[in-house]
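J.: A single structure is presented below for examination.
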Amino acid sequence: MDLGLADRTVLVTGGSSGVGLATVRTLLAEGARVATCGRDADRLAEAAATLGAGQDRLLTGVCDVREADAVQRFTDRVATAFGGVDGLVNNAGQSRMKRLDETGAEDWRDELELKFAGVLHPLQACRPHLRASDAASVVNVNAVLAKQPEPRLITTSAARAGILNLSKSLATELAPEGIRINSVCLGLIDTGQWTRRHAAADTGLTYEQWQSRLAADRGVALGRLGRAEEVAYAVVSLLSPRASYITGTSIDVCGGVSRGIL
Ligand SMILES: NC(=O)c1ccc[n+]([C@@H]2O[C@H](COP(=O)([O-])OP(=O)(O)OC[C@H]3O[C@@H](n4cnc5c(N)ncnc54)[C@H](OP(=O)(O)O)[C@@H]3O)[C@@H](O)[C@H]2O)c1
């Protein structure tokens, strides 16, 4: 099926690795023009080099989503180069592995800032362009933690729940402007986040053995971690104009780790 994304412009935050990079790759394969950002210029350049896209299709920029002015400047560059913005994927971020007693005031502040700024700054910068598009769609990359908190990720779980709630409000408020807003809630996806944790855990297990044990411990029904491309397909289908009647909802991409029915 043609997803109708050819020659549309999509801005993906955090596209130098993992889910963001897989989303950029999938969008390019659909014929979209893609812009993406991250904080580390070298990582971004390395990732871009793997994509084999020309400057007329792919634009990258160093930008921290916590800095509103930097996000605005990057978005202005994208809109000027590509003539607008039709889609936005708020993906940049990471989780904070801490329990209550390990969590200080700074952890709470930093985590809430990252999660809320990561949605609000790009959305505010892109909003005039999205309003001008005839197929505007925003996808917030969230986590099943939003609905199923884990004490070992206490700040991230709380922030994720807030973002899921915010996504619903935004979907309602921006619907009259023709902007759809949806979320994907991830379980355990095999990306840099997990290779870093495997290295830090120093268990003596290979990454594959460690992953299988992790999937079993966490009760992943499909018995394995997800792949970044498996998330990208869900994100891209929500971005597609074919999903024109879908807004204010969320899709779990979690291999059945989510125990809820909503
Ligand atoms: N993998 C999972 O199991 C999982 C589960 C639930 C939710 N998630 C969420 O899914 C999203 C993608 O995760 P991932 O696993 O693909 O992570 P990843 O491989 O670590 O990639 C994260 C990307 O975000 C960028 N980034 C991080 N902080 C940023 C900031 N402040 N401003 C701009 N860019 C920033 C990183 O580049 P720089 O470091 O160079 O900035 C990188 O490109 C994250 O929001 C994550 O929390 C992941």
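J.: How would you rank D86, D101, going from fewest to most other Cβ atoms within 10 Å of each one's own Cβ?
T.: Listing D86, D101 from fewest to most nearby Cβ atoms yields D101, D86.
J.: Could you tell me the calculated FRET efficiency between V62 and R224, based on Cβ-Cβ distance and R0 = 51 angstrom, to the nearest 0.05?
T.: Plugging the Cβ-Cβ distance into 1/(1 + (r/R0)^6) gives 0.90.
J.: For the chain, what does -39500 (n - 2.57) per DSSP helix run (n ≥ 4), summed and divided by total residues, give at 222 nm, in deg cm²/dmol to the nearest 500?
T.: That comes out to -15000 deg cm²/dmol.
J.: In what order do H121, H129 fall by count of nearby beta-carbon atoms within 10 Å, going from fewest to most?
T.: Starting with the residue having the fewest Cβ neighbours, the order is H129, H121.
J.: If the chain between W108 and T203 were fully stretched, how many nm would it gain, using 0.36 nm times the residue separation less the Cα-Cα distance?
T.: Stretched out fully, the W108 to T203 stretch lengthens by 31.3 nm.
J.: Further question on the same structure: What are the extents of the Cα atoms of the chain along their three principal axes, listed from largest to smallest and rounded to whole Å?
T.: Computed over the Cα atoms, the extents are 50, 39, 38 Å.
J.: For each cysteine in the chain, check whether another cysteine's C-beta sits under 4.7 Å from its C-beta; list those where none does.
T.: Flagged as lacking a Cys partner: C126, C185, C254.
J.: With an 8 Å cut-off on Cα pairs and a minimum separation of 6 or more residues, tell me the relative contact order of region 32-165 in percent.
T.: After rounding, I find 27 percent.
J.: Over the chain, what is the relative contact order in percent, taking alpha-carbon pairs closer than 8 angstrom and at least six residues apart? Working shown, then result.
T.: Details: 499 pairs, mean separation 54.3, N = 262.
Relative contact order for the chain comes out at 21 percent.
J.: Right, next: Gain in length, Y245 to S212, computed as 0.36 nm per residue apart minus the alpha-carbon separation, to one decimal in nm?
T.: 8.1 nm
J.: Check cross-link reach from K168 to the lysines: straight Cα distance under 26 Å, and skip same-chain residues fewer than eight apart.
T.: Of all the lysines, those that pass the test against K168 - Cα under 26 Å, at least 8 places apart if same chain - are K115, K147.
J.: Restricting to Cα pairs below 8 Å that are 6+ residues apart, what does the relative contact order work out to for region 94-204? Please round to a whole percent.
T.: 33 percent
J.: In Å, what Rg and Dmax follow from the Cα atoms of region 202-249?
T.: 16.1, 49
J.: Taking 0.36 nm per residue of sequence separation and subtracting the Cα-Cα distance, how much length would be gained by fully extending the chain between Q55 and D7, in nm to one decimal? Before the final figure, lay out each step's value.
T.: Details: separation 48, 0.36 × 48 = 17.28 nm, distance 1.35 nm.
Taking Q55 through D7 to full extension adds about 15.9 nm, to one decimal.
None of the figures in this text is laboratory data; all of them are computed from the coordinates on show. For clarity, every value in this text was computed on a predicted model and none was experimentally measured. All Cβ positions, glycine included, derive from the backbone under ideal geometry; neighbour counts span all protein chains shown.
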